[in-house]
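Enquirer: Take a look at the following structure, please.
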Amino acid sequence: MMITKIYGKALSYFFTFILTVSLSSCSSWIEEEPEGLVTKERVGDSQEAAAQWVTGTYSKLIYDMFCWGYFPRVLEHDADYISGPDWLFGTFGAGNFQGESDVTDALWKGCYGLIARANNGIREISAMSNLTEAAKNNALGELRFLRAFGYFLLVRAYGDIPIQPEEETTEYDQPRQPVGTVYEYIVSNLELASAMMYKNTDAAYQQGHASAGAAAGLLAKVYATAAAAAMPAGTEVTVRTGKPYTGTDDNRTYAPLQTMTFSKQAVAGYESLDAAAYYAKAAEWALKVIRGDYGTYEMSDYAQLWKKSNCHASEFMFALQTVSGDATYKVSVHQQYEGYMTEPGSDFIQEGGWVGCTRHWYDLFDHDDYRITKGVKHRWRAKTQRESNSGFYYPQTNEYSIMATGYDLNGQYVGKPTGIYADGVNYYYAQDAQCLAFTTKYMDVTNNAINNADANWPFLRYADVLLIYAEAQNELGYADDAIEYLNQVRERSNATLAVLAATDGSALDTQAKRRSAIIEERAKELACEGDRRWDLIRWGIYLQAMNAIGGSDDAGVLKTRQERNLLFPIPVAELNTNKAINQNNPGWN
């Protein structure tokens, strides 16, 4: 059965979820089990009924999408700076997307399920009369936001895609619409949503939900995505990358970063779009967020940024809301990126902590940048290391080798371990997937000894909006603004500030240098948040950046890519049942 048809047949049915406030976690979209399959007549006509339709739509982001671990894998595991064990990355991580459940069940089916629920809810709430105008508008705005978000995920991954009819219909065979048409539809939904939804400063705004500012911020990101993709072929982007090692497998050392300048390749489907016009719109909407037209937003202090208590700070404009220990609405983010412990307060990881960044990503940073001094694990221990009284350290540099082992990389004894390593544990480094630049972003959870801990995945942060504004202003020719807003992100992390003029060669004194610096800043700031692949794709440098690795990365994950990897394949089940789609994306059977 066609995947979109699965949701289309039950237009008047959905699981109703009760939105409550948890004392142990951030306010959640879903905190209780579904009440059961209900009809619109049982839901009723009231403010509470409208809230149930909205909550049932939010639920799709966890159940069917994040619940089973397909997300964030489908957004994250195909990028140059991300890595992990080959068994986890599998054929998808190696570039074979055909038949992968990540692509079929999570991205295609999940997003169209989200869209179908939004369409259902919009129809039902539009017909309601027993609620305030403000509450009705906000509910409709949230659903339009979620509908746009689903299409944005889809169009980036698949290119031309079907747009499902908003009205109730039994016509399930829908043709793919051009990329430009899809973006126009996304924009129209987000513009309406931004005018209808509560601001985060309104008394009626509910924490954990999207707001008018989230719609405006996502609109800026949508415009910037289309604008970069529409930039002329040949536009230069410099990336610091290269082969991970020199030497043989038995005697290898990390290769230093190489600076490579790539020429942008045309991005299919975006050729007719006006890059300058789209960047002007990206700047316009980002500035509206920055100056407070749609609420109040600010960056959190780095020390508080990733604390659980900070999950509703205004920086997190739109994030996944999760429930600690919930059996149905669980997510594997904490397990995958941090690992859960043998018991609360333990120093030993029971399982997980697999996904991390490569050494070349780590080497992008200044020495004292908080995003590596505090944002990367430098010591950790697996349960299998308890008996041997051992543990891992990172990275394999003279500085950390001496602190952790007392020996430099040449094997010379320098002195006893110091600092956090002066605890009697025998630390060592492994040149494989066991030792990567593991983030600490998802470490602080309610209970770190369960595999379904309540880590909240950020879909959109205020720092992203600032970088979007810097990018747009740079492409529009406003160098001072580009530097100013790039530095707002850098300053928070104790990074060296960018300058337009310098005598040491560090100046970002050309548009191309600023462009490359902003793209690199996104790789640093938004690491492990599902953005890197899509930045490489929209800038037309995905193939060059992936293939510059020269085969496999630090952990042995194959990063060689070809033209077909630019788009995900349409699921076979869709092709077999949707008579309006007669061919797959290039290179996929």
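The values are calculated or read from the model by the stated rules, or taken from the named source; none is laboratory data. As the structure is a computational prediction, the values presented were derived from the model and not from experiment. Positions of Cβ are backbone-derived with ideal geometry, glycine not excepted, and every protein chain shown enters the neighbour counts. All accessible areas refer to the heavy atoms of the entire protein, side chains included, with ligands and DNA or RNA removed. Shrake-Rupley method; radii C 1.70, N 1.55, O 1.52, S 1.80 Å.
Enquirer: Taking the options 160, 80, 64, name whichever one is at positive phi and touching a helix residue (DSSP H, G or I) at 6+ places or on another chain (Cβ under 7 Å).
Expert: 64
Enquirer: Taking the options 140, 131, 61, name whichever one is open to solvent by less than 10 Å² (accessible area, probe 1.4 Å), of a type outside the set (Gly, Ala, Ser) and more than 30 Å from residue 364 (Cα to Cα).
Expert: Testing whether each residue is open to solvent by less than 10 Å² (accessible area, probe 1.4 Å), of a type outside the set (Gly, Ala, Ser) and more than 30 Å from residue 364 (Cα to Cα) leaves just 61.
Enquirer: Next question, about the same structure. Quick one: count up the residues across the range 77-103 that are part of a loop (DSSP other than H, G, I, E, B), out of contact with any Pro (no Cβ under 7 Å at 6 or more places or on another chain) and within 19 Å of residue 531 (Cα to Cα).
Expert: 8
Enquirer: Just need a number here: residues in the range 203-217 that are open to solvent by 10 Å² or more (accessible area, probe 1.4 Å) and of a type in the set (A, V, I, L, M, F, W, C).
Expert: 2
Enquirer: I've got another one for you. Determine, yes or no, whether residue 367 is without any contact (Cβ under 8 Å) to a residue 12 or more places away in the chain and either more than 20 Å from residue 73 (Cβ to Cβ) or outside any loop (DSSP other than H, G, I, E, B) (or both).
Expert: yes
Enquirer: Something else about it: Considering only residues that are open to solvent by 50 Å² or more (accessible area, probe 1.4 Å) and not in a loop (DSSP other than H, G, I, E, B), which ones fall in the range 567-580?
Expert: Correct list: 572, 576.
Enquirer: Out of the range 310-336, which residues are open to solvent by 10 Å² or more (accessible area, probe 1.4 Å) and either free of Cβ contacts under 8 Å to residues at least 12 places away in the same chain or of a type in the set (Asp, Glu) (or both)?
Expert: Scanning the range 310-336 gives 310, 326.
Enquirer: Additional query: Residue 417 versus (1) in a loop (DSSP other than H, G, I, E, B); (2) open to solvent by 60 Å² or more (accessible area, probe 1.4 Å): which is the lone unmet condition?
Expert: (2)
Enquirer: A further question on this structure: Kindly list, by first and then second residue, each pair from a residue in the range 249-276 that is at pLDDT 95 or above to a residue that is among the basic types (Lys, Arg) and part of a loop (DSSP other than H, G, I, E, B), limited to pairs with Cβ atoms under 9 Å and residues at least 6 apart or on different chains.
Expert: Close Cβ pairs (under 9 Å, with a partner that is among the basic types (Lys, Arg) and part of a loop (DSSP other than H, G, I, E, B)) amount to 255/243; 258/243.
Enquirer: While we're looking at this one, here's another question. Can you go through 283, 276 and tell me which one is farther than 21 Å from residue 62 by Cβ, open to solvent by 50 Å² or more (accessible area, probe 1.4 Å) and not polar (S, T, N, Q)?
Expert: Unique residue meeting the criteria: 276.
Enquirer: Okay, next question. Identify all residues within the range 222-272 that are at positive phi and assigned to a strand (DSSP E or B); write none if there are none.
Expert: 247, the sole residue that qualifies.
Enquirer: Just one of 51, 135, 79 is under 30 Å from residue 431 (Cα atoms) and modelled with pLDDT of 95 or more; which is it?
Expert: Just one listed residue meets the conditions, 79.
Enquirer: Tell me which of these residue 583 doesn't satisfy, since it passes every other one: (1) in contact (Cβ under 8 Å) with a residue 12 or more places away in the chain; (2) part of a loop (DSSP other than H, G, I, E, B).
Expert: For residue 583, the exception is condition (1).
Enquirer: Could you please let me know if residue 200 is surrounded by fewer than 23 Cβ atoms within 10 Å (Cβ to Cβ), under 19 Å from residue 290 (Cβ atoms) and of a type in the set (S, T, N, Q)?
Expert: So residue 200 fits the description; yes.
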